[in-house]
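Shown next, in structure tokens, is the structure this report addresses.
Bear in mind that the values in this text are calculations on the coordinates, not laboratory data. None of these values were measured; they are calculated from a predicted model. Glycine gets a Cβ as well: all are built from the backbone with ideal geometry, and neighbour counts include every protein chain shown.
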């Protein structure tokens, strides 16, 4: 049986920390969220809270595309940019097209 990949770039939010976290995954954002909320990754950024929620998941055609999206968002170092992606559907579509080219 062929195993499908679930490449995506995702943004998590913690109310406790009032912070966003950007990541990418090939196993699906829900599985990754479970790992973040159980400190699976040890003493890393997301281990500081247990209330992370997925606020955005962008499914991608390849892991490479998901990683590029993640790095771009992180390089922006901007909460404003993240909020724009979360609240402005047109801006989100422009962002996706930049990487997916569709």
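General observations
- Residue separation of residue 45 and residue 59 scaled by 0.36 nm, minus their Cα-Cα distance, works out to 2.7 nm of gained length.
- Estimated at 0.36 nm per residue, the fully extended path between residue 92 and residue 74 surpasses their Cα-Cα distance by 4.9 nm.
- Taking 13, 81 and counting other C-beta atoms within 10 Å, the order from fewest to most: 81, 13
- Report summary: the helix-based calculation at 222 nm, which adds -39500 (n - 2.57) for every DSSP H run with n ≥ 4 and divides by the residues of the chain, gives -13000 deg cm²/dmol.
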